[in-house]
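The numbers here are math on the coordinates, done by the rules we state, and not lab data. Keep in mind that this is a model prediction, so the values were computed, not measured. Neighbour counts are summed over all protein chains in view; Cβ atoms, including those assigned to glycine, are modelled from backbone coordinates with ideal geometry.
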Number of protein chains: 4
Amino acid sequence: MGEGHPVHSEGRVAVISIGIVGATGYTGVELLRLLANHPEAEVRAITSRSAEGTAVADLYPNLRGRYDLRFVAPDVEPLSDCDVVFFATPHNVAMGMVPELLARGVRIIDLSADFRLRDAELWQRWYGEPHACPELLTETVYGLPELNRAAMAEARLIACAGCYPTAVQLGFMPLLAHGLVDADRLIASAASGASGAGRQARVDNLLSETAGSFKAYGASGHRHLPEIRQILGEVAGGPVSLTFVPHLLPIVRGIHATLYSELVDADQELATLQQYFVDYYRDEPFVDVLPPGSHPQTRSVTGSNLCRIALHRPADSGVLVVLAVIDNLTKGASGQAVQCMNIALGLPETMGLEPLALMP
Amino acid sequence: MGEGHPVHSEGRVAVISIGIVGATGYTGVELLRLLANHPEAEVRAITSRSAEGTAVADLYPNLRGRYDLRFVAPDVEPLSDCDVVFFATPHNVAMGMVPELLARGVRIIDLSADFRLRDAELWQRWYGEPHACPELLTETVYGLPELNRAAMAEARLIACAGCYPTAVQLGFMPLLAHGLVDADRLIASAASGASGAGRQARVDNLLSETAGSFKAYGASGHRHLPEIRQILGEVAGGPVSLTFVPHLLPIVRGIHATLYSELVDADQELATLQQYFVDYYRDEPFVDVLPPGSHPQTRSVTGSNLCRIALHRPADSGVLVVLAVIDNLTKGASGQAVQCMNIALGLPETMGLEPLALMP
Amino acid sequence: MGEGHPVHSEGRVAVISIGIVGATGYTGVELLRLLANHPEAEVRAITSRSAEGTAVADLYPNLRGRYDLRFVAPDVEPLSDCDVVFFATPHNVAMGMVPELLARGVRIIDLSADFRLRDAELWQRWYGEPHACPELLTETVYGLPELNRAAMAEARLIACAGCYPTAVQLGFMPLLAHGLVDADRLIASAASGASGAGRQARVDNLLSETAGSFKAYGASGHRHLPEIRQILGEVAGGPVSLTFVPHLLPIVRGIHATLYSELVDADQELATLQQYFVDYYRDEPFVDVLPPGSHPQTRSVTGSNLCRIALHRPADSGVLVVLAVIDNLTKGASGQAVQCMNIALGLPETMGLEPLALMP
Amino acid sequence: MGEGHPVHSEGRVAVISIGIVGATGYTGVELLRLLANHPEAEVRAITSRSAEGTAVADLYPNLRGRYDLRFVAPDVEPLSDCDVVFFATPHNVAMGMVPELLARGVRIIDLSADFRLRDAELWQRWYGEPHACPELLTETVYGLPELNRAAMAEARLIACAGCYPTAVQLGFMPLLAHGLVDADRLIASAASGASGAGRQARVDNLLSETAGSFKAYGASGHRHLPEIRQILGEVAGGPVSLTFVPHLLPIVRGIHATLYSELVDADQELATLQQYFVDYYRDEPFVDVLPPGSHPQTRSVTGSNLCRIALHRPADSGVLVVLAVIDNLTKGASGQAVQCMNIALGLPETMGLEPLALMP
C-alpha cells in the first residue's frame, strides 16, 4: 500500500485508490462491477494497451453512468499512486511489473497465474518460459482466504487462487485436513462456463462452436493441475495424486466440480462427514455447506462470491462424492480478489460482496 | 400504510415492514433479492398456498443465509401488520384481497394485471371475468415513475406497469408526447425471456421445447395490448393504433422492444430526435438514452433496474426505429415495484436498486 | 414379427409395418423422424392416451407433410397387426402390454427400462413395484448391438440399452473385456441434455430453471446404475464396482461421459490402449474411436447414431480417462432401437441412420 | 457445367462432380453435410487458403468417415474439372474467380453476395468497392426457386438468395404479387442465429458476449436491404419501401421474420389472405403454409430446407402480420443452393434434402 495510505477507521470516509491492469477482460470488468458498490474503494486507473483512450463504459455498457474512466497505457506511473493494484491479465504480465510496483509501496493482488506456484521450475515447465522474479514466490501469499486468512493481513503480494482450484480445493480441503480419504486417488471432474476462457477472439469460443454442446478439454493435463496439487499437498501434509479433467459448459458463468475420493473408513457415515464440513467452514462467510443430498446448481451463485458444497455417499461403495459450485468470475476470480483486499486492508471481509445471486 | 408507520427521516433507522403475496414466483423471488440489500425494508411475511411451511431458501437457494422466512397461507391477517404489501401473483388474486388490506391501512403495490386498466369492461373483455372491485380502478396509480411520479406520493394502490408495456411505453413516450410520429401507425415487435411466462409447470416452457429456438406468440392479440394503448393514448392525448407482436427468447431474463413509427416530418434528423429523448429522460435515474446508432443488448441490464434506449433512422425512409431493453423481472416488474415503493414512501428513489448488470 | 411378415430381400419392396406406443414423447418423435426416411419401414399406428385423436404433425411440426397419422388409444388391437412395436414409454407401461403382443406374434423393441435388468428383484428394488412378467426377463435380448449383435437376430423382445448406459458401457467395455483396468474402481461422471428427462410438465425442467446453469442429480444413486453394473459385470466376467454421477446440461440433446479407471499396469502406454479400442470397434458402423488426445463434443453426434470415443492418459498417474459422446435420443434411444430393428429383421444395419450430425 | 457432363437419367449412375470454394465456413460444411447423402453428387475438391492440407473431417468431426478430402488452395485448376462449383465464401471472392470458371464450362452456384444485385453501382455503394465483373450481373439468375424456377434450368451462374432475404421475400411475395398490401409501408423485423455471422474469430460472436442475450444490429442499414428491395420491387412491379431491422439470437441456427404490412382493404379477412398464400405456394416442396394463427418456431426447420409461414390479423387494425422461419444455413444458404443445383441439372428438386428437422 502506498505511503500515506488512508487507513480505514470507523466513522470517517477512507478511500482506497485502486488500479486495475488488464481491465478489458472479463475478470477486469467483474472487478469494476463489484468495486462500483464498494464503499471504501475508488478505482483511479485502468490500463489496457489495446483499448488505450477508450471509455470503459463504451466497452462494457453495464458500467455506463458509474465510471467515467478511460483506459490508459499499462505503465508503472499511473499505477504507482494507487494503494492497491489488481492484475486481471493473462499470465506473464504481472511478473514483469510487480517488482517495481512493490518497490513503490503498492500492494498487489494478482488474479493471474504468475505467482501461484511456489516452485519456479514447476512454473517454467507448465508455462514454457522462465519466471521473471522467482525471488518473490516465497513471499507471495496464496489468495484463498479459507486456507490462509491470517497470512493475508501482512502480505504485500497476494496471488489469488485460480477458478478451478478454488472449487476443487474447497471441496477437498476438509477431507484431506482430517485424513478422511485416500490422498492418492483423488478425482476432480469439473466444468466451467465459457467466460473462463477470457475475452479473446478465438473460433473455439464462438457461440456457434459451443452453444448447445459440451466437451472435455485439457484431459491429458491442464495448467491448474500443479496449483491444485501444491495446495492440496500442503493441506494433506504430503503429496497427493489427483486426476483433473475440465469441461466446457455452454454457459457464460459458473464452475461445477464433482469430486470423487475413497474413504479411508469405508463405513463412515454421511452424517459424520457432513459434520466435518460444517465445522470446517463454520465461520466462513462465503462457503455454504448445503444439507446432505443436495445438488447445488451453478446459477445459485451467479454473480455472488459464494461457494456452495454438498456431500453424497453412493450406496454399496466406499466413495464419497463432493459437489462444489462457484461463479468463476466472482469467487473464482474478482470476488475473491476483493475479499483478499478487504482482509489485507482490515476492512469487513464481505464489504462490496453482498449482492445475492440472480435466480432465475 | 399501517398505522404508526415509521416515516423515514434522515439519521434514524426506519424500517418498513413488507409482505409479499405469491413469493414463490419469479417476480416474488426477485423482490426478495432486491429487498435483501434495501437498507430500509424488512420482509416480514411471504405467502403461498402451495408452499405453505416451506422455507423460502429451500425453494430459492440464492436466498440461503439471508432469509429465515417460511411461506404462510395467503390470509389477510399476517399481511395487515405490514406497511407495504406487494402482490407478485397471477391476475385475479390481488383484486380479491386488496380492498380489505386497504381498509386496514396497508399500502399496496400490485405487480399483477388486476388494476392496470382503468376500464372495468375492457378488463373483463381481456381477462374473461368481471373485475372484483371496479371502484378502485380510478384511484389506482399506474406504476411507471417516468410517467407519473408525482401521483405516486399519495397513492394507496399502485399498479405496476407490465413488463412489455414498460419497454414499449418508455420507447414511444417522448415521440407521442411531442407529436413527432403518426399515432395511428405504431408497431412494437418485442421479445421476452422465458421467465416472463412465470414458474408454471407447462410443457411449452420446458428447456427442451424452447432452447435453441425462437418464435412469436400471441400475434393475433396479447393482454398487454390494451394496457399499452391506454397509456400511450394518455400520452398522445388521443387514441393510438398499435400493432404489438411478442416473441419468446430462449433466455431467462430480458425484454427487447423494436419500435417502428412514421415521422410526421419525414426529413427530421436523427440528432433532433435524439435530443428529444435526452431531454425527456434527463432526470430519470433508470432510463439511459444511448448515443444514436447504438444497439443495446438485453444483458446490459440483466438484474438491474435500467431501461436503455437507442434511436435509428434508416436511410431513404420516414421511419424511426427505437430500440429499448429492460430486465423483465427488474425494471419490468420487481425493480420497478421497489422504485414505486421508494417514491411512495419518500425514500431515495434508487435505494436498493444500485447493483449493476452482470457482464459478461 | 407377425405372421406373413414380408421378409426383406433384394429387389422388392418389402414394407415393415410399425407401431409406436407413447409417441408423444421425445423418443417417440425421434423414432418418427428416423423412420420417415427408412426405406423399408412404414409407421401404421401411434398410440397415446392423452393425445388420442390429435394429428402427430400438430404436436411435432417437423413431421408436417410426412405423417398423416393421428394418435389412437394404447390398445393391443391396432398394434397386433404390426410387425414391430416400439415402446417409447416411461417404465411400467411396456410390461403390461408386451406379453399379449408377443402372443400375437409381434416383435417388440422396448426403449423403456422394463426389461433391461435380468433380475426381477433388483428391478423391484429400484422401481418400487413388482415386475409384471419376470418370466420374460431371461428371454429378453439387451439392445446394445456392439455387445450382442448375434443374439438379436432371433429375439422377439429387445430391451434397448439406456442412454447413460450406452455411453458408459461403450467407453468401458474394451477395458473390462481385456482386464486392463481395476474393475473395483470405476467412476463415470456423465452429463445429459434436458431431453433425457422427457416431455413432462415439471418445474425443474423449465428453461427458466435450467438455462445457463449446470448441476449434478441423483448423485446418491440413479436407476441407470444397476443396468450399467449388470452389463459391465457380464463383460468383465465378475462383479464391478462403479460410481456413477449424472449431471444436467442446459442443452436439449447429448450425453457426455467422462470415465475414470485405474490401469492394472500403470505403465501401459496410450498407444497400446488406443489400439485395443480400435480393434474392439473395428467393424462397428456406429462407434468412432477418435485419435488419442481428442475431445469429442456432444454436437458432433447430434441427431446421428454415432458414439465417438477418445482416450487420455494424464501424466504422472495410473489413471486412464475415456471420453464418450452420444445423442441421448438417437444412439441413446431411438437410433439404437432402429439399429436393433434392422439387425433383428436382417436389414442393412445402417438403414435409415445415414444422416450426419448438424455442425454448427 | 463442363462439357461431357453426365446428364442424369433414370436408371443409371450419373455422378455430378462438385467443387466447393471456402468450405471451412458454416455454409461450406452445411453443403458437405447435405451432399453426403445426395445420391448424384460427389464432392471432388474443397478449397481453403487458410486450411490448405487439413482434412475436412479434422475441422468438422461430424464428417468423419464420410469424407476423405483435404483442403487445397483456391486455384482455378482443381475446380475447372468440376461440373458444379459452389462459392461458400465472403463477398468479393467469387467475382474474382467466376469469369474464368465459366469460360471453362463450369456451372457456378454462388452463395455469397457478389452476384445478387443487378445494379453494379448499387453493389459498389453497399460493398465499398467496384464490382469485378458487372457484365455478368444481367446474366445471373437469382437463386430463389419459388420466384424463378424456370430461369434456373438454363443458367450458368446462379446467385443464391441471402438468408434474411429468403425469409422476408417468401413472406411478402404473395401479398405484393397480388397487390394486397401497401408497398410503401413494409416492415421486416427479423432475427438470426449466430451462425449467420460465419466462422470468424471476432469478440462480438463469442458465446460469452452473446449467450443469454438479444440485440438488434444494423438497424440503420444492412446489406441485405438492397437485395430485398430489388426482388420485392420486381414482384410488386414497382419500387417498394421497406424498413428492415435484423437481430442476433443467442442460438446457432434459425431465422425468424416478423413482417408487418398494411392491407389495401382493411376489411379483408384472414381466411381470404390465407388462401392467397396456400395457392401461391401450392406446388412448392419447401414452403409450408401453416394454419392461420400458428406461430412457427425456428427449430421446426432446423437442418431442413423448409420455410414455414403463418398469418395473423390483429383485431382493430388494418395490419397483417406474417411470420416466416427458415434455417439460415439450409433454406437460407446451402440447402437452397442444392435445391438450385437440382433444378439446374434436371434432378428431382428435393434430392438430398429429405431429412426432417430435429425436434426436440
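Sequentially through region C:75-86, phi angles give Karplus couplings (6.51, -1.76, 1.60; θ = phi - 60°) of 9, 5, 3, x, 7, 6, 7, 7, 6, 9, 10, 9 Hz, Gly and Pro residues having no value and appearing as x. Working from label points 7 Å from Cα in the Cα-to-Cβ sense, the residue D:81 to residue D:125 distance is 4.5 nm.
Size descriptors for region D:109-150, from the alpha-carbon set: Rg then Dmax equal 10.9, 33 Å.
Residue and whole-Å distance for the chain B Cβ lying nearest the axis of the B-onto-D rotation are B:189, 2.
Sequence gap at least 6, Cα distance under 8 Å: using those rules, report the relative contact order of region D:164-328 to the nearest whole percent.
30 percent
Placing unit charges on each Cβ (+1 for Lys and Arg, -1 for Asp and Glu) gives chain C a dipole about its Cα centre, and among C:347, C:238, C:325 the Cα reaching farthest toward its positive end belongs to C:325. Each residue of region A:313-322 was assigned a 3J(HN,Hα) from its phi angle through the Karplus expression (A = 6.51, B = -1.76, C = 1.60, θ = phi - 60°), giving 10, x, 5, 6, 6, x, 9, 9, 10, 10 Hz with x at Gly and Pro.
Write out the trypsin sites (Lys or Arg not before Pro) in region B:173-247 meeting two conditions: DSSP loop, and at most 14 other Cβ atoms within 10 Å of their Cβ.
Details: sites: B:185, B:199, B:202, B:215, B:223, B:229; in loops: B:185, B:199, B:202, B:223.
Answer in residue order: B:202.
Considering the options B:198, B:222, B:305, tell which one lies farthest towards the positive end of the dipole of region B:164-328, charges being +1 on Lys and Arg and -1 on Asp and Glu at the Cβ, about the Cα centre. It is B:198, whose Cα lies furthest towards the positive end. Loop-resident GluC sites (Glu not before Pro) (DSSP state other than H, G, I, E or B) in region C:76-178 with no more than 15 further Cβ atoms inside 10 Å of their Cβ: C:139, C:154. Between copies, the label points at residue A:119 (set 7 angstrom from Cα along Cα-to-Cβ) are spaced 4.6, 7.2, 7.9 nm, reported in nanometres from shortest to longest. Distance between the modelled labels on residue C:201 and residue C:150, one decimal in nanometres: 5.1 nm (7 Å Cα→Cβ projection).
By the Stokes-Einstein formula, at 0.692 mPa s and 37 °C, region D:167-265 with its Kirkwood radius over alpha-carbon pairs has D equal to 227 µm²/s.
If you take the square roots of the eigenvalues of the alpha-carbon gyration tensor of chain A and sort them as a ≥ b ≥ c, do you get rounded (a/c under 1.5), prolate (a/b over b/c) or oblate? Because a/c hits 1.5 or more and a/b exceeds b/c, chain A counts as prolate.
The calculated 222 nm mean residue ellipticity attributable to helices in chain A amounts to -7500 deg cm²/dmol, summing -39500 (n - 2.57) over DSSP H runs of n ≥ 4 and dividing by all residues. Structural descriptor for chain A: relative contact order 17 percent, calculated from alpha carbon pairs under 8 angstrom and at least 6 residues apart. Within region A:1-152, antiparallel bridges make up roughly 5 percent of the DSSP beta bridges whose residues both belong there.
With charges only on Cβ, +1 for K and R and -1 for D and E, what is the dipole size of chain A about its Cα centre, in debye, rounded to 20? For this selection, approximately 900 debye.
Across the copies of the chain, residue A:150 has label points (7 Å from Cα along Cα→Cβ) spaced 6.5, 6.8, 9.2 nm apart, shortest distance listed first.
Considering only alpha-carbon pairs that sit under 8 angstrom and 6 or more positions apart, the relative contact order computed for region B:104-173 is 39 percent.
Each Lys and Arg contributes +1 and each Asp and Glu -1, all at the Cβ; summed about the Cα centre of region D:164-328, the dipole is approximately 760 debye. Secondary structure note: in the protein assembly as shown, about 45% of the DSSP beta bridges are antiparallel.
What separates the residue C:55 label point from its copies, with the point 7 Å along Cα to Cβ, is 4.7, 5.3, 5.6 nm, written shortest first. Spin-label model, residue A:138/residue B:100: points 7 Å from Cα along the beta carbon direction are separated by 7.5 nm. Quick check on region B:18-112: take the gyration tensor over C-alpha atoms, sort the square-rooted eigenvalues as a ≥ b ≥ c, and tell me if it's rounded (a/c under 1.5), prolate or oblate. Here region B:18-112 falls in the prolate category. Under the combined filter of DSSP loop state and at most 15 neighbouring Cβ atoms within 10 Å, region C:260-357 retains these trypsin sites (Lys or Arg not before Pro): C:282. For the protein assembly as shown, what does the alpha-carbon gyration tensor say about shape, rounded, prolate or oblate, given a ≥ b ≥ c as the root eigenvalues, a/c under 1.5 as rounded, and a/b over b/c as prolate? Rounded. Projecting the Cα positions of A:268, A:39, A:157 onto the charge dipole of chain A (unit charges on Cβ atoms of Lys, Arg, Asp and Glu, taken about the Cα centre) puts A:39 furthest along the positive direction.
Our coupling estimate for region B:190-207, obtained by passing each phi through the Karplus curve with A = 6.51, B = -1.76, C = 1.60 and θ = phi - 60°, is 10, 9, 10, x, 5, 5, x, 7, x, 9, 10, 6, 10, 4, 4, 9, 5, 4 Hz, Gly and Pro reported as x. Against the empirical 2.2 N^0.38 Å (N residues), region C:164-328 has a Cα radius of gyration ratio of 1.04.
Compute, for region C:123-175, the length of the dipole vector about the Cα centre, with Cβ point charges of +1 (Lys, Arg) and -1 (Asp, Glu) only. Units Debye, rounded to 20.
That gives region C:123-175 a dipole magnitude of about 120 debye.
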